[in-house]
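The values are calculated or read from the model by the stated rules, or taken from the named source; none is laboratory data. The shown structure was predicted, so the numbers you read here are calculated from the model rather than taken from an experiment. Reconstructed Cβ throughout: ideal geometry from the backbone, glycine too, with neighbour counts over all protein chains shown. Heads up: the accessible areas ignore ligands, DNA and RNA and are worked out on the full protein's heavy atoms, side chains in. Shrake-Rupley method; radii C 1.70, N 1.55, O 1.52, S 1.80 Å.
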Amino acid sequence: MAILTGGGDCPGLNAVIRAVAKDAFHCDIDVLGVEDGYQGLIENRFRQLQPSDLDGILRRGGTILGSNNRANPSRFAVGKNSDGTPIFRDLTEDCLRHIRSRKIEAMVIIGGDGTMTSAAWFAKQGLAVVGVPKTIDNDIMGSEITFGFQTAVDTATDALDKVRTTADSHHRAMVVEVMGRNAGWIALHSGIASGSDIILMPEIPFDLKVLARVIQERERRGMRSTLLCVSEGARPQGGQQVVAKVDPTSPDPIRLGGVGKFVAEALEKETGVESRYCVLGHVQRGGVPCAFDRVLSTLLGNHSMNLLREGKVGRMVAWQKGRLTDVDLEEPAGKQRLVPEDHALVGAARAVGTSFGD
Ligand code: F6P
């Protein structure tokens, strides 16, 4: 069998690899690791895993196999046209040839929505594939929780707590921009955990005038600072998300980023309160997985092996309504699990006085 980690990395990937490979070794199954996600599958780069490769990786961040969030086998950028636009080719048949030449019968593919879409195609070609959902964004349709998310929330909360102490010292408004793509889960959880005064998320467009009023009111009441936890995908009412970069070779070409700067500068101008911003960025994707993610990764990895054993393939392991389950591999394709505006956590935050800027 083979294991592949695709898409942006997150803490807990190694814990899944460990759970899957240890189980396979107990059953005398040879395990190949595909290097660098689908890029390695396209380029026929595999590595035979040994029990010693798994030593100590439960708590190690990243993925020992490497990953890639640009390589889509069915639409792979092989070069550029004279006008600079990428030339794409469908390399799925090449991948399948590499898989067959290695006598791989089953694969555990760990990744996000894009990775699962390609995994579903391989399953349709007769390969026994089970998917394991991963992302710090927690936005995969079909599973209510993904590993990596809790670690990212802990990292963001720690940063927000630290920023609060300096904000208090200087009577400032401090904006912390967190990741999450188009979903506000990281902002919502870390914003609540840190007692942020304002949480901005893509699902609830904000009004700068409302934010300015919140800051001025806090000043009037003698509060020393205002802490804003801002999701990278947040946008003003009637406005657009702030895009940092467009990568046309990537299946998800938009890289968000910059809304923290926009909000801090606009608010300083509007309120006269000195404002600063900081962007947490990939710090949230790195480092050791927290205990919760190590446990969840082990559970999901184990469930993927159980599904393979039962012959229940073409499925993605999932967590729904407090229990382990599985869904069709195509379930997450092209979808994002966003925060419902009436989510209990939004209500709980509002009840403790947190503003969503609406
Ligand atoms: O999907 C995970 C994520 O970290 C998002 O939160 C973020 O928008 C994106 O990936 C960043 O991607 P890259 O690593 O390509 O900058």
Legend entry - Rg(Cα)/(2.2 N^0.38 Å) for the stretch 259-323, N = residue count: 1.99
Inset, instruction - Could you state the angle between the C-alpha long axis of helix 291-310 and the longest principal axis of the C-alpha atoms of the chain, as a value from 0 to 90 degrees rounded to the nearest 10? - result: 30 degrees
Legend entry - Relative contact order for the chain, counting Cα pairs under 8 Å that sit 6 or more residues apart, in percent: 23 percent
Legend entry - Solvent-accessible area per residue for the stretch 147-233 (1.4 angstrom probe, square angstrom): 33 Å²
Legend entry - Between the stretch 221-243 and the stretch 160-175, the Cα center-to-center distance that results, in Å: 15 Å
Inset, instruction - With r as the distance between the Cβ atoms of residue 124 and residue 252 and R0 = 25 Å, compute the FRET efficiency 1/(1 + (r/R0)^6) and round to 0.05. - result: 0.65
Legend entry - residue 78-residue 220 FRET efficiency (beta carbon distance; Förster radius 45 Å; 0.05 resolution): 0.15
Inset, instruction - Please work out the ratio of the alpha-carbon Rg of the stretch 183-281 to 2.2 N^0.38 Å and round it to two decimals. - result: 1.12
Legend entry - Most to least packed among 103-112, 164-173, 210-219 [average Cβ atoms within 10 Å]: 103-112, 210-219, 164-173
Legend entry - Distance from the stretch 14-67 to the stretch 317-358 (C-alpha centre basis), Å: 30 Å
Legend entry - Counting DSSP beta bridges with both ends in the stretch 1-95, the antiparallel % (nearest 5): 80 percent
Legend entry - Residues of type lysines that residue 245 reaches as a straight line, Cα spacing below 21 Å, ignoring anything fewer than 8 places off in the same chain: 80, 261
Inset, instruction - Send over the semi-axes of the chain's equivalent ellipsoid, whole angstrom and largest first, taken as the square roots of 5 times the C-alpha gyration tensor eigenvalues. - result: 40, 22, 17
Inset, instruction - Using per-residue counts of other Cβ atoms within 10 Å, averaged over each peptide, order 114-120, 125-131 from highest down. - result: 114-120, 125-131
Legend entry - Charge dipole (the stretch 153-286, unit charges on Cβ, about Cα centre) - positive-most of 153, 185, 277: 277
